[in-house]
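Rule-based calculations on the coordinates, nothing more; no lab input. This structure is a prediction, so every number in the text was calculated from the model and none was measured. Please note: Cβ atoms are built from the backbone with ideal geometry, for glycine as well, and neighbour counts cover all protein chains shown.
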Amino acid sequence: MSDLVLSLRAVEKTYLTGDVEFQALRGVDLDVRAGEMLALMGPSGSGKTTLMQIIGLLDRPTEGTYLLGGRDVTDLTENERAEARNREIGFVFQAFHLLPRLDLLENVEVPLTYAGIPAYERRERALEMLDRVGLASKARNLPSQISGGQKQRVAVARALAGRPRLLLADEPTGNLDTRTSEEIMALFTELNGEGTTVVIVTHEPDIAEYTRRVVRVRDGLVESDTTHTPRAGVRT
Amino acid sequence: MTAERLPAAQTPDEEETLPGRRGGLDFLGTLTIAWRAILGSPLRSVLTALGVIIGVAAVIALTAIGSGSTAGITKSLESLGTNLLTVQSGAPRFGGGGLVRGGPQQTITMKDVEAIGTFAPNRIAGVAPSSQSNVQAKVGSSNLQATVIGTWPAYETVRNSPVATGSFFTQDDVDGRKRVAVVGYQIVTDLFDGQDPVGQKIRLGNVSFTIVGTLPDKGNTGFGNPNAQVLVPLSTFQQRLSRGARSGTSVTVSNVYVQATDKDDLTNLQNDLTDLLARQHRIEDASSYDFNVQNQADALASLNATTQTLTLLVGAIAGISLVVGGIGIMNIMLVSVTERTREIGVRKALGAKPRDILTQFLVEASLLSVGGGLVGLALGVGCAYLGTLVNITPVFSPATILVAFAFSALVGIFFGYYPASRAARLDPVDSLRYE
Ligand SMILES: Nc1ncnc2c1ncn2[C@@H]1O[C@H](COP(=O)(O)OP(=O)(O)O)[C@@H](O)[C@H]1O
Ligand SMILES: [Mg+2]
């Protein structure tokens, strides 16, 4: 199917720590269609982050195949993976991971820099993205000067600056209070409404309520894959 | 909050056709990233570059002062006269130490001088025997300690010592043992208030002389104080001022200056004069010579040899300090890579290739070392000018500056490579997890 953004088949991941092998994923099948928004749920240690890292081309599966936008990306070289991360994937992390010495605008520019976009256009687009998350007025602030919720907004702006087809968020609200979490989820809902495919990892049921589709992972396997009516995004 | 301003709809599988998409990170971008990292921790950056700063400053300053003083000595050696041979009493010393005066008993007699004068007239442009003593020079009630040199008129050309005013004494003055004198610049300023003293009287010891000429300001540099010299006819000097230095029955002189006609003949003439004097003194064994003939070229050559040794030493010190500086850079860069593991992970997640990370840290290391080189250059030039405090005008060689600078840049790249490649090889998953 051509509108499949990603398709995992029999994906396994085995970590080797010293002599000890640990199988974090034990055969995961997962299809995500363009424009979907889904929550990956599961208890701590179930393999959500591992799965996210494989989807995000930060890590390779030990077994199985991975198609991203119809292309087999299982065996890409390191440079090809870097390029694909840059072009097709946007990351949002639990700990925000803004670069502390760069101001907000420069942070948003980072993926554009690696895409080789000229400085003036970079600046323009980064500013546009900051504006879309409501932080254009703080473009020249450092990350240390803004709140957690604002940091995560900047991270979202940075993830989307390169116009990726897939937005991956690993526990994006894990470091935020309830109210700010709701703001961020509302933002994801809106972005999804405008066409971006969103995969959110969470272990909080409240968060999963925002997505139509919920995939439950346990012990490295998909336990259930359900669809329900999402709760409407909260506006502030 | 800002829902109305969210992005326009975007079809997810739309083909991206952004300009420069495949081009990757441009050089200006890399430079900016590195520059930000350096400015981000200025104190650390300065400390990191300190080794290079000191290394480059040391090379620049030491070589400039070294060549400055060499140039100074060369100039003052050359100002003593060109194509100059000096016949002196005492056994020959090797290594060109012909600048030391006094010491051995005088063995060069007026007969020797005569022999030299008639030896090879077409190869010798001038002969000026000289004897000297320190005498009080007195005009009215003022006086100063002067070095009175008794010599021949040829001294003017042989020792490159033309008069500023008046004229040199003549052969007639020598033949007639006239009491005439050519006085140095300090005599004019100190005893005559700077007025031209030609025609005036001056007392040297107990003898009154008439001043016929003055010497120009020779600077209070070099050896002794050439401005306190007074030149008089040798015959007059021997009769009235010296204590009758003799060897056997012959009157002796301190030394004989001989100017060769041809520069290329200098060494041959030196050997021939040595043979001549050996015959005069009836000494066969070279090891028991009681005289020596110094060649000005020898002194210059040994000076140059010394300079080259010094230059090598300075180069070695500089090389070592630059290497130490490089190790400093490597050290701090390794710490910096560890500290910025998370940053590297984030950058990789956002699309940085290993090569981008490698370049980033390499450029950072090179910027540090090149910056250090520039600061060192400025510092070195500044320090070199401190040499003027001791009358050495520094001489800067563009080649040295270029080499020191290029070397410092290379040091950054060389010692930055290992930390940079470690950064480039970091696994994105591990680095994102790194606390
Ligand atoms: N790099 C690694 N090396 C070894 N074991 C790992 C590594 N990363 C994760 N694991 C293990 O794999 C399992 C799944 O981890 P993770 O995917 O982070 O779970 P989750 O995100 O669901 O909490 C855990 O038991 C964890 O200890
Ligand atoms: Mg996790």
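Assorted remarks:
- Result for chain A in a Gaussian network model with C-alpha springs under 10 Å: among A:40, A:57, A:76, the largest mean-square fluctuation is at A:76.
- In Å, descending, principal axis extents of the Cα set of region A:4-227: 47, 38, 37
- Eigenvalues of the alpha-carbon gyration tensor of region B:235-350, scaled by 5 and square-rooted, set the equivalent ellipsoid semi-axes at 69, 17, 13 angstrom, largest first.
- Coordinate range along principal axes, alpha carbons of region B:321-435, Å, largest first: 64, 24, 20
- Sites residue A:145 and residue B:79, calculated FRET efficiency, Cβ-Cβ separation with R0 56 Å, nearest 0.05: 0.20
- Scattering profile of region B:29-82 at q = 0.21, 0.30 Å⁻¹ [log10 I(q)/I(0), Debye over alpha-carbon scatterers]: -0.82, -1.02
- If the chain linking residue B:71 and residue B:285 were pulled fully straight, counting 0.36 nm for each residue of separation and taking away their Cα-Cα distance, it would gain 73.3 nm.
- Sum of -39500 (n - 2.57) over DSSP H runs of 4+, divided by residues of chain B (222 nm, nearest 500): -17000 deg cm²/dmol
- Here region A:16-57 and region B:343-375 have alpha carbon centers that stand 32 Å from each other.
- Structural descriptor for chain A: relative contact order 27 percent, calculated from alpha carbon pairs under 8 angstrom and at least 6 residues apart.
- Here's how it looks for residue B:120: its modeled amide H is under 5 Å from none belonging to a residue 5 or more places away or on a different chain.
- Centre separation in Å (Cα based) which lies between region A:59-121 and region B:178-208: 91
- Debye log10 I(q)/I(0) for the protein assembly as shown, one point scatterer per Cα, at q = 0.07, 0.08, 0.09, 0.10 Å⁻¹: -0.63, -0.70, -0.80, -0.93
- Length added when fully stretched, residue B:339-residue B:301, from 0.36 nm per residue minus Cα-Cα: 8.1 nm
- Evaluated on chain B, the Kirkwood hydrodynamic radius is 27.5 Å, with distances taken between all distinct Cα atoms.
- Listed by number, the DSSP H helices of chain B that run 27 Å or longer by alpha-carbon position along their axis and have mean Kyte hydropathy of at least 0.0 are B:42-79, B:296-339, B:354-385, B:398-425.
- Each label point was placed 7 Å from the Cα along the Cα-to-Cβ direction; for residue B:43 and residue B:115 their separation is 7.8 nm.
- Most simply put, region B:84-261 has about 80% antiparallel DSSP beta bridges, counting only bridges with both residues inside it.
- In order along region A:146-153, the Karplus-derived 3J(HN,Hα) couplings, from 6.51 cos²θ - 1.76 cosθ + 1.60 at θ = phi - 60°, round to 10, 7, x, x, 5, 4, 5, 5 Hz, and Gly and Pro are given as x.
- Cα Rg over Rh - region B:84-261, Kirkwood: 0.96
- Here the Karplus curve 6.51 cos²θ - 1.76 cosθ + 1.60, taken at θ = phi - 60°, turns the phi angles of region A:77-86 into couplings of 6, 4, 5, 5, 5, 4, 5, 5, 4, 5 Hz, with x standing for Gly and Pro.
- Environment charge at residue B:188 (Cβ cut-off 11 Å; Lys +1, Arg +1, Asp -1, Glu -1): -4
- Distance (nanometres) between label positions extended 7 Å along Cα→Cβ at residue B:327 and residue A:33: 6.6
- Distant-in-sequence amide H partners of residue A:12 (H built 1.01 Å from N, under 5 Å): A:27, A:28, A:62, A:63, A:64
- Among the residues of A:82-91, the average count of other protein chain beta-carbon atoms within 10 Å of the residue beta-carbon is 5.
- In nm, spacing of pseudo-spin labels at residue B:263 and residue B:312 (7 Å Cα→C-beta vector): 2.6
- Relative contact order [Cα under 8 Å, 6+ residues apart], chain B, whole percent: 28
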